[in-house]
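The structure appears right after this line, and notes come after that.
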Amino acid sequence: MSGLVTGLANATVNASTVLILAGLGELISERSGVLNLGVEGMMLVGALSGFVVTSITGSPWLGLCIGILAGGAMALLHAFLCVSLNSDQAVSGIMLTLLGVGLTTYFGNPWTGDSVSGFSEVTLPIIGSFLVEIPIIGSALFNSTPTDYIALLLIPVVWLFLYKTNIGLEMISVGEDPETADTMGIDVFKMRYLAVIIGGLFAGAAGAHLSLAFNQIWSSGMTAGNGWIAVALVIFARWEPGRILVGAYLFGLLNAIQLYSQGLKFTLAPETALSGLLNPMIEFVMNPTIMSTYPYIVTLLVLVITVVRAENRQLAQPSALVQSYSREID
Amino acid sequence: MSDDKFVRMENITKTFPGVVANDSVSMSVKKGEIHGLLGENGAGKSTLMKILYGLYSADEGDIWLDNNRLEMDSPQDAIDAGIGMVHQHFKLIPRLSVSKNIILGKREPIAAFKDNSGSESGVLHSLTSNNIVQGLASRFTLGLDTPEKQIQQLSDNYGFNIDVTVPVWELGVGERQRVEILKALYRDVDLLILDEPTAVLTPTQAERLFETLKTLTDEGLTVIIITHKLDEIKEVTDRVTVLRDGRDIGTVETSEQTSDDLARMMVGREVLFNVDKDDVSVGETVLNVSSLRTTNDRGIEAVSGVDMSIRSGEIVGLAGVSGNGQKELAESLVGVRETLGGSIEITGDDVTNESPNAFINNGVSFVPEDRHRDGCAGTLSIMHNAVMKRYADSEFSDGFKLNYEAMEEYADTLVEEFDVRGIKNVREINAGELSGGNLQKLILAREMLREPDLLVANQPTRGVDVGAIEFIRERLVAQRKSGTGVLLLSEDLDELFDLSDRILTIYQGEIVHETTPEEADRQRISLEMNGGKEEVKQPTQIAADGGRSGF
Amino acid sequence: MKLNVELTPRSNIPTWMAYGTPVFTILAALIVSGFALFSLGVNPLAAYNIMFVQTLTTSFGITNTLVKAVPLIFAGLAVYLPLKARLWNIGAEGQLIIGAIVGTAVGLSVSLPIYALLPLMFVTGGIAGAMWIAVPAWLRARYGINEIITTLLFVFIAQSLLNYVVRGPLQAAESNFPQSASLPTAATLPSIPIIGFPSGVLLAIVLVAVTYAIINYTRLGYEITFMGANDNAAEHAGMSKLKIYLIALMAGGAMAGFAGISEISGVEGRLRASFDPGYGFTAVPIALLGRNGAFRVLLAALFFAVLFIGGSSIETSLGVPSAITNVMEALIILFLITAEFFKNYRVGLSLDQTPTPSAPGDPEGDV
């Protein structure tokens, strides 16, 4: 049983890093008012370029850097289309996902199925050997790849960035009310460009993590919808960095459970009341494929509840999200 | 000569396509005074102040502040020059705290890096005052603690009674306005401009505001307050400049004027148009409104207990300054705005809070104030727009199908009868391509040729060329003759006098005055529109030139 | 000295731009993709020759194109119709999958002769598609919740449902594979005799004509168009936003459902876990290209069908990964949205001495 729990913990933490990285990036972009549906495409581009560079140079760190930059480059295009040209943000994002999928499948063909020696799991210096001993979560959290650690570190960093820096404050204001921000002398375009590009950098990192740490192979479409889950995650987290961590673990757990579904069968004994009716229902609810829908269903509920309840009080989402801004005065 | 010219705007001219907003306007303000800027809608007050605040640039003219000539391209320049503005629509971000709203854009670093040029010396100081370090610190830190204390201090000093750490969405309107004032004060402005500040305040809140303003000016701040409310001008200003039709009429000492005098200065205009109005016998009641109450888009009560009735064959004019509830009243009379209380009856049927469709089917037509937003679909053809309210009629639809030939013919009829110019094909030209006057004529045609029982027309001649204005007015009169009851909302008093059988005046959501053109006193109406009370006339010292000379 | 980019909004679009845009965007996409082909050592012209010319001149190519076009036409309509009301049905893929599932279930469990079974499958597939979009449609109509995100989330739920269904309730009895039983002949869309074209094409064309008729000749079409052009004015005119949004979106959902069942019934023959056609997403550029009319949607769908079939051809004959068609698809969207910008604004470049912003401001209102 404890083996199962440790296994689950391990799988959860492993699955969560991608979501944390991509989710944080999307959060920043959306906080500034720009929806980025191209995360999946940017992740793929980051994954492939990171993989290729590492294959050629043998350095996973170089691969990671290039992967990050590749994601950022795609995001630059998204920023140009959405911020400068005021194009429809959703269409631009989907286009970039298509582009990312297409380009990486096309150019990644020669490397399909190859593996690379990327990041291996390490423990932290000095305190690492003690932390690993912590029951259950020790080996999950403290015996991880560098990108896993980076992801965890980025949560407080992003939090500090948004809430404790002037740039973060301006970015938030631009996503709430660009007109007011403009009046206060803030460069709305610059802030949005910055936010979107950061989002792309993070997405690239998430992708590179997949191909260099999590799986260490390349195959087309290997992001497997994680980019979309990241978008859902941001809504679930109600645009707060701390909750990204919670959501990532939750979604990661749901993911992990699918792997361990055999060990988790749960049935009521036949004598229990209504067991005939309840057992099939329980089986359905705990079916791993069905469980994979839970992140999306939960996200939908969160979205509906926050918007319906918001009315005039607690503000649900960044008020200017998905609305393009152009200076109508002068 | 210069002690009363702290702020000088000289010969400011600003033109927009089709209208001269400011025509060589000059205005000067003394240091430490509360200076009022008075005028009807369209007089040019807002434009003038937007120029002063850097939002617009004047085509001609100069601005001087404390004998320095100002060149301003943006609000930031104005702030740098020491000019602050409190807008009618607050520029606040509800999610952020008061203090964050106030420091937004200033990029102050945390205290450790603050450039306190004092007697600091040594390595640490030279390190932190380095440009690059300053740049990084101002971006990547957030100096909130010290400013927050300063802002709280400022707020307490002026008795604002605000906790500056709370998010703005928790604050009420009066408090939010004070936050806007704090914003300006924190930036150490010398001149504060307020745009219709009491539009959103209760009388008590307004009193508090005036006390605050007086305290501020005692401490050396100069204030310009834009308003249309005569009682406010009388209460709080030292001097007032009156604008009319884009020109300045003069600057006078408030204490030496009565409300009547001010109203006269605002209004005195020649009657431009004369429309022939036959005597029409008035028929049945088409509209009966009782105790109507509605809120505006921000949830504040805009119509506060209106009673009125309109009968077939009469034009009832509604005089009032924009923002006193007339828009909301018009919208509830056509079913587009929900009511809080009271009732609306159209030709005897109670339609209170029914859908717009019910109103339309009951014979109500509407010419909205914003023709592009509410009156037409600009990207669709003339034909589509012509049948906007009649497409379900048996004339045009047969079951599910639409008879486009009939629709096209109908559109042609509208275009011809109402002289909508420049249309070769009603199917090919889009409504958005029409000029203001032509579009308005089209909308009017559509609304009038339905033969409505009640026609509500909100500013039907605004932004329309002279030829079209005349046409529209004639049509309104013709509609009256054919038996429609018309509610005409207009900011143009001449128009109301010309066309109406009765004139109502609305102020702060209530009907405060009713009269007929024959009995009416133009100045009295202007007075009522602006909240003034009739005063006993006293001999006053008004120079023949309206008070211009003398400084 | 400063480089000034001046943007003046256009009041009307020059005719050459209005008609030429689809052509220009496609050309631009082909040129850029040409570089990608070139980088793999492939002669772009040779590739395009195989992709387009050969596909359209061989009967094999034409038949395959039509087969591919059927679901694309349906899916294109699924996005086009809501788009008329300015609604984005990004979740067409999900509605497509649900339509496929329900239609297949009906085809496997109901015994009827083909002329009754097929219509039944289509009707149930369509209803299923409409039901799948019903919740997002309601949320948008009633609460204004952005339909892009909600319909998208439902896509992923649908994909998981598919996975569940082929491993569970619908799994073929004898098989261990994640797939359903094969649809009986009575449930399979036949080919048209002699010509050999898929019969689904007929239904697709009929639906295009019906959509065209609805939009251009009926009251509902008028309301949808008006609501999409200006929802404020539409409400002033007495139109019901709730009703129109629901109808437009659910009709789109039904179309997507048709796409799904037509693909299973006419091509796949059974429901597989790997059923991931992507037509619902390709439908977005199709609807954008065909924005101005249902028949243009038909043309756009045909174009993309040629693109996909051609893509497979060059994969077989030249070894070029067929993913190049995804790249082209993306490029077409990219150039379309850039063109959208140029249609709305005239761009002027000038060198300026002093940057003085002028005010094209609106003098109406408080002056």
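The values are calculated or read from the model by the stated rules, or taken from the named source; none is laboratory data. All values reported here derive from a predicted model rather than from experimental measurement. Positions of Cβ are backbone-derived with ideal geometry, glycine not excepted, and every protein chain shown enters the neighbour counts.
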* Scan of the stretch B:198-233 for residues that are in contact (Cβ under 8 Å) with a residue 60 or more places away in the chain and within 23 Å of B:SER322 (Cα to Cα), ordered by number -> B:ALA199, B:VAL200, B:ILE224, B:ILE225, B:ILE226, B:THR227, B:HIS228, B:LYS229, B:LEU230, B:ASP231, B:GLU232, B:ILE233
* Could you grab me the full set of residues in the stretch C:131-172 that are under 19 Å from the mean Cα position of the chain (by Cα), away from chain A (no Cβ under 13 Å) and surrounded by fewer than 23 Cβ atoms within 10 Å (Cβ to Cβ)? => C:MET131, C:ALA134
* Would the stretch B:17-31 turn up any residue that is within 14 Å of chain A (Cβ to nearest Cβ) and within 21 Å of the chain's Cα centre (by Cα)? -> no
* Out of (1) buried (at least 19 other Cβ atoms within 10 Å of the Cβ); (2) modelled with pLDDT of 90 or more; (3) within 17 Å of A:LEU19 (Cβ to Cβ), what's the single condition that is false for A:PHE236? -> (2)
* Structure fact -> Per the list (1) surrounded by fewer than 20 Cβ atoms within 10 Å (Cβ to Cβ); (2) closer than 14 Å to C:ILE73 by Cβ; (3) modelled with pLDDT of 95 or more, residue check on C:PHE197 breaks on (3)
* Asked: In the stretch C:195-214, what residues are assigned to a helix (DSSP H, G or I) and among the hydrophobic types (A, V, I, L, M, F, W, C)?
  -> C:VAL201, C:LEU202, C:LEU203, C:ALA204, C:ILE205, C:VAL206, C:LEU207, C:VAL208, C:ALA209, C:VAL210, C:ALA213, C:ILE214
* State the number of residues belonging to the stretch A:282-301 that are more than 7 Å from every other protein chain (Cβ to nearest Cβ) and under 17 Å from the mean Cα position of the chain (by Cα). => 3
* **Single residue of the stretch A:265-296 satisfying the filter (of a type in the set (Phe, Trp, Tyr) and modelled with pLDDT of 80 or more) that is surrounded by the fewest Cβ atoms within 10 Å (Cβ to Cβ)** => A:PHE284
* Structure fact -> When the stretch C:144-194 is checked residue by residue, the ones that are modelled with pLDDT of 85 or more, among the hydroxyl-bearing types (Ser, Thr, Tyr) and part of a loop (DSSP other than H, G, I, E, B) are C:SER182, C:THR188
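Per-residue answers, yes or no, for (1) within 14 Å of A:THR223 (Cβ to Cβ); (2) part of a helix (DSSP H, G or I); (3) within 14 Å of another protein chain (Cβ to nearest Cβ):
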| residue | (1), (2), (3) |
| --- | --- |
| A:VAL13 | no, yes, no |
| A:SER16 | no, yes, no |
| A:ILE20 | no, yes, no |
| A:LEU24 | no, yes, no |
| A:GLY41 | yes, yes, yes |
| A:VAL45 | yes, yes, yes |
| A:GLY50 | yes, yes, no |
| A:ILE56 | no, yes, no |
| A:CYS65 | no, yes, no |
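For every residue, the table says whether it meets (1) without any contact (Cβ under 8 Å) to a residue 60 or more places away in the chain; (2) crowded, with 16+ Cβ neighbours inside 10 Å; (3) not aromatic (Phe, Trp, Tyr).
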{"site": "B:VAL306", "(1), (2), (3)": "no, yes, yes"}
{"site": "B:SER312", "(1), (2), (3)": "no, yes, yes"}
{"site": "B:GLY335", "(1), (2), (3)": "yes, yes, yes"}
{"site": "B:GLY348", "(1), (2), (3)": "no, no, yes"}
{"site": "B:PHE366", "(1), (2), (3)": "no, yes, no"}
* Would you pick out the residues in the stretch B:163-178 that are within 21 Å of B:GLY299 (Cβ to Cβ) and either more than 14 Å from chain A (Cβ to nearest Cβ) or under 22 Å from the mean Cα position of the chain (by Cα) (or both)? -> B:GLY172, B:VAL173, B:GLY174, B:GLU175, B:ARG176, B:GLN177, B:ARG178
* Asked: Quick check, is A:VAL308 within 11 Å of another protein chain (Cβ to nearest Cβ), in contact with a helix residue (DSSP H, G or I) (Cβ under 7 Å, 6 or more places away or on another chain), closer than 25 Å to A:GLU26 by Cα and modelled with pLDDT of 90 or more?
  -> no
* Asked: Are there any strands (runs of 3 or more DSSP E) wholly within the stretch B:1-83 with 2 or more residues that are without any contact (Cβ under 8 Å) to a residue 60 or more places away in the chain, and if so which?
  -> B:7-16, B:60-65
* Asked: Among the helices (runs of 4 or more DSSP H) confined wholly to the stretch B:281-390, which include 3 or more residues that are assigned by TED's automatic domain parsing to the domain that holds B:PHE497?
  -> B:326-333, B:356-361
* Among (1) at pLDDT 85 or above; (2) within 21 Å of the chain's Cα centre (by Cα); (3) among the hydroxyl-bearing types (Ser, Thr, Tyr), which single condition is B:TYR186 missing? -> (2)
* Structure fact -> Condition set among the polar types (S, T, N, Q) and without any contact (Cβ under 8 Å) to a residue 60 or more places away in the chain, scope the stretch B:141-197, selection farthest from B:GLY36 (Cα to Cα): answer is B:THR141
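Okay, residues lined up against (1) over 24 Å from B:ASN430 (Cα atoms); (2) among the hydrophobic types (A, V, I, L, M, F, W, C); (3) surrounded by fewer than 18 Cβ atoms within 10 Å (Cβ to Cβ); (4) in contact with a strand residue (DSSP E or B) (Cβ under 6 Å, 6 or more places away or on another chain):
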| position | (1), (2), (3), (4) |
| --- | --- |
| C:THR211 | no, no, no, no |
| C:ASP231 | no, no, yes, no |
| C:GLU235 | no, no, no, no |
| C:LEU242 | yes, yes, yes, no |
| C:LEU249 | yes, yes, no, no |
| C:GLY260 | yes, no, no, no |
| C:ALA273 | yes, yes, no, no |
| C:GLY278 | yes, no, yes, no |
